[in-house]
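Enquirer: This is the structure, below, for whatever I ask next.
The values are calculated or read from the model by the stated rules, or taken from the named source; none is laboratory data. Fair warning: this is a prediction, and the values are worked out from it, not measured in the lab. Every residue, glycine among them, receives a Cβ derived from its backbone with ideal geometry; neighbour counts consider all protein chains shown. Surface accessibility is based on the protein's heavy atoms, side chains included, excluding ligands, DNA and RNA. Shrake-Rupley method; radii C 1.70, N 1.55, O 1.52, S 1.80 Å.
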Amino acid sequence: MSAALRAISAARDMAFKPSLKEEEEVKSKRNDNTKCTELPKNETNHEENDNDTDEETDQEDSDPTKLESEKELHPGPLFSLKDQLEKDKDDESLRKWKEQLLGRVDLSAVGETKEPEVKILSLTIQRQGRPDLVLPIPFTNNFKKSLFTLKQGNLYRLKFTFTVSNNIVSGLKYTNCVWKSGVRVDNSKTMLGTFSPQAEPYTYETKEETTPTIIFARGSYCVRTKFMDDDGKCYLDVTYYFDIAKNWPTLP
């Protein structure tokens with residue numbers, strides 16, 4: 001009897017419930033309808049990115065600091081240093097301010113021209129255990145002949161002497177490139193600074209270095225040295241050669 005009741009109940013359930021296949025078809029239709037109403041993800045990301053770009057553009061437009069920094073700078077007319085010193089010479093406060101800014105300028109080194117003039121006078125080779133070797137510029141020896149010799153494993157430095165006249169030179173730079181057998185082995189750039197005209201020469205010394213000790217470092221080197229300012233004006237562009245040897249050459 002109980003078995004018969006279970007059979008009848010099961011038959012009743014089957015009569016009122018849809019088949020499994022029909023349920024899957026209904027669910028599939030619902031999912032299709034849902035997909036049609038949803039916006040594709042790519043389009044959503046495009047809209048969000050566009051909104052972000054608009055916000056960033058608004059922020060950039062409203063940033064006064066950025067706008068100011070992007071404006072072109074128009075430097076004023078260039079005056080000779082003599083004209084600058086002559087201006088407001090009766091104003092004590094301005095005179096002191098100019099002295100603090102420029103230092104005590106040697107009027108004998110100030111000309112009427114507006115462009116500064118830098119003249120490199122000499123190159124001095126300072127070597128440990130040997131007397132200093134002073135080489136006037138421009139060099140007078142053969143272009144491809146070695147100017148000097150350094151002993152391997154020895155301390156050395158270079159010293160340049162130069163003068164400044166007519167006007168202030170701004171952002172004077174020293175560049176030095178070294179080649180051995182056509183391969184560049186060193187490339188350095190040093191900012192020297194700003195210099196006012198004076199009769200007494202200035203000096204610049206490179207940092208002390210040690211020549212390499214390995215046997216492959218011996219031989220001839222080619223050097224190109226330049227002095228330039230912030231405006232790109234070149235005051236010296238010279239090429240010379242030197243040697244690194246196992247021992248010092250015999251003194252004459």
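Enquirer: Please report the equivalent ellipsoid semi-axes of the range 115-245, computed as sqrt(5 x eigenvalue) of the Cα gyration tensor, largest first, in whole Å. Walk me through the numbers on the way to the answer.
Expert: On the way: eigenvalues 153, 46, 36 Å².
Semi-axes from the Cα gyration tensor: 28, 15, 14 Å.
Enquirer: Find out how many positive minus negative residues lie around E205, taking Lys and Arg as positive, Asp and Glu as negative, among other residues whose Cβ is under 12 Å from that of E205. Show your work: numbers first, answer last.
Expert: Working: positive: R157, K159, K207; negative: D132, E208, E209.
Local charge sum for E205: 0.
Enquirer: While we're looking at this one, here's another question. Under 5 Å between amide H atoms, partner at least 5 residues away or on a different chain: which partners does G153 have, H built in plane at 1.01 Å?
Expert: T211, T213
Enquirer: Mean separation of Cα pairs under 8 Å and 6+ residues apart, divided by the residue count of the range 194-252: what relative contact order is that in percent?
Expert: Values: 45 pairs, mean separation 17.2, N = 59.
Here the relative contact order equals 29 percent.
Enquirer: So if R0 is 30 Å, what FRET efficiency would E115 and L135 give, r being the distance between their Cβ atoms, rounded to the nearest 0.05? Please list the in-between numbers first.
Expert: Numbers: r = 27 Å, r/R0 = 0.91.
Step by step, r from the Cβ atoms, then E = 0.65.
Enquirer: Now, a different point. Measuring with a 1.4 Å probe in the full set of protein chains, what accessible area per residue, in whole Å², belongs to the range 132-194? Display every interim value, and only then the final one.
Expert: Values: 3370 Å² over 63 residues.
On a per-residue basis, the range 132-194 sits at 53 Å².
Enquirer: Please compare each pair in K119/K151; K114/K159; K173/K226; K180/K207; K145/K233; K145/K173 to a cut-off of 19 Å on the Cα-Cα distance and tell me which ones are over it. Provide the component values of the computation, followed by the final result.
Expert: On the way: K119/K151 30 Å; K114/K159 28 Å; K173/K226 8 Å; K180/K207 21 Å; K145/K233 28 Å; K145/K173 27 Å.
Result: K119/K151; K114/K159; K180/K207; K145/K233; K145/K173 exceed 19 Å.
Enquirer: If you don't mind, another one. What is the distance in Å between the Cα centres of the range 133-153 and the range 195-216?
Expert: Using only Cα atoms to place each centre, the spacing works out to 14 Å.
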